[in-house]
Amino acid sequence: MDPSDTKPITGEIILSDEKSPSKGSIASPTTTKNSKGPVGEALSEKHGAHFFSAFAQNPSNVVFQFQEPDEEIILLVRKHIITNLPWIVLAILLSIAPVFFTPILANILSFISISAITQTALLFTYYLVLFGYILVNFSLWYFHVGLITTERIIDMDFTNILVKHVAETRIDLIEDVSYTQVGGIRTIFNYGDVIIQTAGTKANIEFDRAPRPAVIADIVGDLIQQERDEDS
Amino acid sequence: MNTPDILQSLLLLATNQDILFKIGLVLILIVYVLFALILARQIFLLNSTVNQISFSPIFNILVFVHLVAATGLLLFVLFLL
């Protein structure tokens, strides 16, 4: 691969309190929640999110715990669907593996004699574990979710079956938003990391391997600008 | 049952590959059922945290089927084999 392929592509929404749009700023000072602009467009039409949706603007069929009555989800973000490819390929290979390997293993391990019913139970156990493997990997993707609402940003990280981490920040506490795209695969499939920096000692929020990072950064930038306009 | 009989039974058990496999399978399935239980509980909780109305109930059912299948297989190995 050409070294230039791995050069980071970075973008940043620079926020300014000035009335004129600053460099890189998407938001118009007059933008309101329901007017045009990334946020206005996102809220203007509702879309149903599928179970495989990695980027759902204004999803009509998603709610979350402790959602306030007047709070609307603008964007639901998961890792790009292509990031699931390794485990899907492995699961397919493992599902057909017994067809090819059982006769070979029967020859190699011919000194082992177990009854047919035990062999069947072993095979069922194998496919049950495979089903569990698929469920775990799908869950790790499905629940690793970022939500951008009209009031706040929520980042739910589910890195392990026993480990989940939820961070949220209000829009008015966000200082800066930027994104990074590194490498050929990320460029081809247009996904990257969106980093949302918050004020003070609060932890930053990161949408890891999110599709269309520039659009996400646009929307967050627009929200922040809108919040500042409302405050001033 | 006296001591030689017990030793004889243990020797028979140790040399019977089928029984050894069944014991191994039971132990694996006990651990697996616990894992399936934790997975089900975690997914039920997460589905209530972020509820994708059209898919969350299906996902809950899939996870429940997984738990039932694991328990069923354990019971099958324990009592029928």
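Here's how it looks for A:Ser60: its modeled amide H is under 5 Å from those of A:His47, A:Gly48, A:Ala49, which are all 5 or more places away or on a different chain. Computed with a 1.4 Å probe over protein heavy atoms only, the accessible area of A:Ile153 comes to about 0 Å².
Normalise the Cα radius of gyration of segment B:25-80 by 2.2 N^0.38 Å (N = residues in it) and let me know the number.
On the way: Rg = 13.1 Å, N = 56, 2.2 N^0.38 = 10.2 Å.
Ratio of Cα Rg to 2.2 N^0.38 Å: 1.29.
Look at the stretch B:26-33: the mean tally of other chain Cβ atoms within 10 Å of its residues' Cβ atoms is 2.
A simple rule links phi to the HN-Hα coupling: the Karplus curve 6.51 cos²θ - 1.76 cosθ + 1.60 with θ = phi - 60°, which for segment A:126-139 gives 4, 6, 5, 5, 5, 4, x, 4, 5, 4, 5, 5, 5, 4 Hz, with x for Gly and Pro.
Mind checking the mean number of beta-carbon atoms from other chains within 10 Å of the Cβ atoms in A:134-145?
4
Applying the Karplus relation 6.51 cos²θ - 1.76 cosθ + 1.60 with θ = phi - 60° to segment A:193-210 yields 3J(HN,Hα) values of 9, 9, 10, 10, 8, 10, 6, x, 8, 5, 5, 6, 10, 10, 9, 7, 6, 7 Hz, where x marks Gly and Pro.
Per residue of chain B, what 222 nm ellipticity follows from adding -39500 (n - 2.57) for every DSSP H run with n ≥ 4, rounded to the nearest 500?
Numbers: 3 runs with 66 residues, N = 81.
Helices in chain B give a 222 nm mean residue ellipticity of -28500 deg cm²/dmol.
Calculate the mean, over all residues of peptide B:36-44, of how many other protein chain Cβ atoms lie within 10 angstrom of the residue's Cβ. Walk me through the numbers before you get to the answer.
Numbers: counts 4, 0, 2, 6, 1, 0, 8, 8, 0.
Neighbouring Cβ atoms belonging to other protein chains average 3 per residue here.
Highest average first, the peptides A:98-105, A:78-85, A:139-146 ordered by how many other beta carbon atoms sit within 10 Å of their residues are A:139-146, A:78-85, A:98-105.
How large is the translational diffusion coefficient of segment A:168-232 in µm² per second when you combine the Kirkwood radius over alpha carbon pairs with Stokes-Einstein at 4 °C and 1.567 mPa s? Before the final figure, lay out each step's value.
Working: Rh = 12.4 Å.
This corresponds to a translational diffusion coefficient of 105 µm²/s.
The values are calculated or read from the model by the stated rules, or taken from the named source; none is laboratory data. Treat the numbers as computed from the prediction; the structure is a model and nothing was measured. So basically every Cβ, Gly included, is an ideal-geometry build from the backbone, and we count neighbours across all protein chains shown. Remember, those area values only see protein heavy atoms, side chains included, never the ligands or the DNA or RNA. Shrake-Rupley method; radii C 1.70, N 1.55, O 1.52, S 1.80 Å.
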